[in-house]
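A quick write-up on the structure given underneath.
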Amino acid sequence: MDDNHPWQLYPHNLSLLKNYVHVWCVHLDSSTSQFKTLEHSLSSDEIVRANRFYFQKDRDRFIVARGMLRLILSRYLYIDPGHLRFCYGKYGKPYITTELNDSTLCFNMSHSHEFALYGVTWDRPIGIDVEDVSQKVDVQNISERFFSSTENKILALLPAERKQEAFFRLWTRKEAYLKARGEGLSGQLDQFDTSSFLDLDSNVVTINDGSIGRSHWAVIDLVPRSNFVGAIVIKGFNLNIEFWEERL
């Protein structure tokens, strides 16, 4: 796990205050006696989605990822994981209508290969993304197509050994931002800039999307484990973030 964040096993007296954000990390390939329990908590439509995967490994990862989403959310809402009902926005972002003390639990999840991240908070739009930086991508062509002019200029100035990770740093920020807004990749990736303070260490940046409300979005870079980078985007600043590790 990343030494920049104090990833800890979650406490039995788990509590999420109004100005806090919880980030969870889960290794999806862990051998676990909980697999069947997680699978049984899924809805019929989630099982249908799982069965669409050609490879068993991908099917199992989807089941663990969705089952863990249900389990994590149930800890805040004091409800059986199987009783949660998801609704979906126009571009597929999941949400729940269950409230607790007139507050809505907001969340987002992302997984890449065997690793998943979850972000949870109260009453704030939130988006999260994680990517495996070891995967081979055509950095120049993709960045020229999807990144802002400022982001491309910064990438061009970096030495070759830093380009790959910097590319994924920018990509995860952009995808997490669009997910926070509920737009997914339907949004125009080149129409906003996330390059502020580009660094391989964790930091907080702002999004420049040309709108008056751009300062309302905070981006926190994540390095959850070796070869992975991520980002979480939340509406608002001065938030406290806690990092929990789920060991299956």
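Values in this text are rule-based calculations from the coordinates and carry no lab data. Being a predicted model, the structure only gives us computed values, none of them experimental. FYI the Cβ positions are ideal-geometry reconstructions off the backbone, even for glycines, and counts take in every protein chain you see.
If I build a Gaussian network model for the chain, linking alpha-carbon pairs within less than 10 angstrom, which residue out of Val223, Val130, Val48 has the largest mean-square fluctuation?
Val48
What's the tally of Lys pairs in the chain whose alpha-carbon atoms lie under 20 angstrom apart, where the two lysines are 8 or more places apart or on different chains?
The number of close lysine pairs in the chain is 15.
Residue by residue through region 151-162, what is 3J(HN,Hα) from phi via Karplus (6.51 cos²θ - 1.76 cosθ + 1.60, θ = phi - 60°)? Round to whole Hz and write x for glycine and proline.
Once rounded to whole Hz, the list reads 4, 5, 5, 5, 4, 5, 7, 7, x, 4, 6, 9.
Pick from Val23, Val137, Val219 the residue whose mean-square fluctuation is largest in a GNM of the chain, springs joining Cα atoms under 10 Å.
Of the options given, Val137 has the highest mean-square fluctuation.
Does region 38-149 come out rounded, prolate or oblate, given a ≥ b ≥ c as the square roots of the eigenvalues of its C-alpha gyration tensor, rounded meaning a/c under 1.5 and, failing that, prolate meaning a/b above b/c? Present the calculation step by step, with values, prior to reporting the outcome.
Working: a/c = 2.33, a/b = 1.38, b/c = 1.68.
In terms of gyration-tensor shape, oblate.
Over the chain, with a Gaussian network built from C-alpha contacts below 10 Å, which listed residue (Phe147, Phe53, Phe168) shows the highest mean-square fluctuation?
Of Phe147, Phe53, Phe168, the most mobile in the Gaussian network model is Phe53.
For a footprinting-style exposure proxy, rank Leu100, Leu157 by other Cβ within 10 Å, fewest first.
On the way: Leu100 13, Leu157 10.
Fewest to most other Cβ atoms nearby, the residues stand as Leu157, Leu100.
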